[in-house]
Amino acid sequence: MLSVKVEALDRFDLVGESVWSDLQARCANPVPFLSWPWQNLWWENFADGRALKILCVSDSSGEPVGLLPLYEREAGLWRLVGGVAISDYLDVLAVRGSEEEMWSGLLHHRAGEPDVWDLHCLRAASPTVSILPALAPAFGLHAVAQREERCPVLALPESWDGYLGRLSGKDRHELRRKLRRLERHWPDATVRSHASPEGLEAAMTAFLALHRKSKAGKARFMDLRMERFFQRVAVALAARGALRLWFLERDGAAVASYLCLEFGRSVALYNSGFDSSHAALSPGIVLLSYVIRDAIERGLARFDFLRGEEPYKYAFGAIPEEIFNVVVAA
């Protein structure tokens with residue numbers, strides 16, 4: 001067992017990007033939502049004067065082995081930095097294999113405090129989901145894990161033909177029909193992707209314009225503050241090879257777009273935009289088939305549709321994975 005020390009910090013710069021990024025690279029769940037740019041920029045854009053508490057856990061030699069970034073959502077109620085509105089997966093950052101020791105140190109540190117930790121967006125595979133309910137009683141606390149949502153996820157085969165062969169006959173027929181129909185009506189349509197920080201601001205501007213066109217709710221969501229966050233975080237993630245924008249274009253104009261996040265051997269479909277005046281040709285479905293095919297051809301293993309169980313995700317063959325909320329209280 002590790003002998004750990006816990007220190008509470010109230011600013012991101014007191015941790016530092018290099019320490020944060022090193023821990024993220026060594027944890028079991030290195031998703032972009034836990035990265036330094038996502039977390040730091042989220043805090044800069046959405047803190048609204050709330051209190052910040054980053055619990056930094058070090059081993060007996062003083063080396064950092066984990067971070068628990070929390071903010072006070074309301075008096076006495078602490079949540080994970082990143083927020084449930086725009087971060088699909090959150091968690092503690094812990095060196096793989098040290099999760100139990102780290103959580104023991106964190107629970108010991110907070111024992112006797114009246115505060116509540118309300119931890120959202122935890123993947124079912126996260127050690128946090130099983131460790132916290134098991135450890136909490138020993139520290140005079142209780143922790144309850146409850147399923148809060150599901151994320152459809154697609155395990156990718158080695159080939160596009162292999163992927164099509166796994167779809168149901170109905171879904172395979174529908175996908176091929178939509179691909180043929182769009183090609184027949186728009187033979188000059190092209191697909192392109194943008195993964196470089198260079199020129200990304202213009203690509204993001206095109207994406208955000210399509211995003212707002214998609215639905216009234218998306219236009220309300222993408223206010224100026226949200227747009228500033230995404231413009232900044234997109235450049236930072238692209239510099240790390242963790243972001244790719246996709247466009248389906250016709251006559252030089254984008255009619256559908258996807259913002260994808262990449263980590264490890266996974267691609268995550270984070271958000272979308274499309275020109276609803278062309279809905280009859282299903283440009284979003286057609287573009288998504290190209291995105292999935294590209295992931296297969298690049299040898300990636302997982303296509304993650306993230307939160308939300310829209311029917312189209314299951315038509316692409318996805319299987320749901322559960323997301324949990326764990327509440328720790330005295």
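Let me make sure I get this right: for segment 1-142, a, b and c are the square roots of the gyration tensor eigenvalues over alpha carbons, sorted descending. Under 1.5 in a/c it's rounded, otherwise prolate if a/b > b/c, else oblate. Which is it?
Details: a/c = 1.35, a/b = 1.15, b/c = 1.18.
In terms of gyration-tensor shape, rounded.
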Sequence-distant aspartates and glutamates (8 or more away, or on other chains) whose Cα lies within less than 12 Å of LYS53: GLU7, ASP10, GLU72
Amide H contacts under 5 Å for ALA124, placed H, 5+ residues apart: GLU322, PHE324
Mean Cβ neighbour count within 10 Å, used as a protection proxy, ranking 76-84, 27-35, 194-202 highest first: 27-35, 76-84, 194-202
Only Lys, Arg (+1) and Asp, Glu (-1) charged, at Cβ; the chain dipole about Cα centre in debye: 1360
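On full extension of the chain, what length is gained from LEU224 through GLU148, given 0.36 nm per residue of separation minus the C-alpha to C-alpha distance? All intermediate terms of the calculation are to be shown ahead of the outcome.
Values: separation 76, 0.36 × 76 = 27.36 nm, distance 2.90 nm.
Between LEU224 and GLU148, full extension yields 24.5 nm more.
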Amide H partners (placed H, <5 Å) of TYR270, local residues excluded: LEU259, CYS260, LEU261
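Packing-wise, with mean Cβ within 10 Å as the measure, how do 319-330, 282-293 rank, highest first?
Values: 319-330: 17.2, 282-293: 20.5.
Ranked from most to least packed, the peptides come out as 282-293, 319-330.
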Per-residue ³J(HN,Hα) for segment 250-267, Karplus 6.51 cos²θ - 1.76 cosθ + 1.60, θ = phi - 60°, Hz, x for Gly and Pro: 9, 6, x, 10, 7, 10, 8, 8, 10, 9, 10, 10, 10, 7, x, 10, 10, 10
Cα-projected label distance for ASP115 with TYR314, points at 7 Å along beta-carbon direction, nm: 4.0
Segment 135-289, dipole about Cα centre (Lys/Arg Cβ +1, Asp/Glu Cβ -1), debye to the nearest 20: 400
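Given a Förster distance of 25 angstrom, what is the FRET efficiency for ALA280 paired with GLU322, based on the Cβ-Cβ distance and rounded to 0.05? Walk me through the numbers before you get to the answer.
On the way: r = 35 Å, r/R0 = 1.41.
Given R0 = 25 Å and the Cβ-Cβ separation, E is 0.10.
What Kirkwood hydrodynamic radius do you get for segment 69-220 when you take the inverse of the mean 1/r over all pairs of distinct Cα atoms, in Å? Present the calculation step by step, with values, prior to reporting the outcome.
Values: mean 1/r = 0.0489 Å⁻¹.
Taking the inverse mean of 1/r over all distinct Cα pairs, segment 69-220 comes out at 20.5 Å.
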Surface per residue (accessible, 1.4 Å probe) for the chain, Å²: 44
Sulfur and carbon atoms: percent of accessible area, the chain [1.4 Å]: 51
In sequence order, calculated HN-Hα J values of segment 274-289 (Karplus, 6.51, -1.76, 1.60; Hz; x Gly/Pro): 7, 7, 5, 5, 10, 4, 4, 9, 6, x, x, 5, 4, 4, 4, 5
For segment 206-256, convex hull volume per residue from C-alpha positions, Å³: 81
Pairwise label distance in nanometres, LYS5 with ALA253, each label 7 Å out on the Cα-Cβ vector: 6.3
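Expressed as a rounded percentage, what relative contact order does the chain have, with Cα pairs under 8 Å and six or more residues apart?
Details: 616 pairs, mean separation 76.2, N = 330.
It comes to 23 percent, rounded to a whole number.
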Pair THR205, ARG96: separation of 7 Å Cα→Cβ label points (nm): 4.1
HN-Hα J in Hz across segment 8-13 - Karplus 6.51, -1.76, 1.60, θ = phi - 60°, x for Gly and Pro: 9, 10, 10, 9, 5, 5
Dipole axis of segment 131-248 (+1 Lys, Arg; -1 Asp, Glu on Cβ), positive-most option in VAL233, PRO137, TRP246: TRP246
Sequence-distant residues sharing a close amide H with ALA28 (under 5 Å, placed H): ALA94, ARG96
Kirkwood-based Rg to Rh ratio, the chain, C-alpha trace: 1.00
Expected 222 nm ellipticity per residue - DSSP helices of 4 or more, -39500 (n - 2.57), all of the chain, to 500: -11500 deg cm²/dmol
16 Å reach of a label modelled at ALA25, 7 Å along Cα-to-Cβ, counting backbone N of segment 80-104: 94-96
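The values are calculated or read from the model by the stated rules, or taken from the named source; none is laboratory data. Just so we're clear, the structure is a prediction, and the values are computed from it rather than from any experiment. Quick reminder, even Gly has a Cβ in these numbers, built from the backbone with ideal geometry, and neighbours come from all protein chains shown. All accessible areas refer to the heavy atoms of the entire protein, side chains included, with ligands and DNA or RNA removed. Shrake-Rupley method; radii C 1.70, N 1.55, O 1.52, S 1.80 Å.
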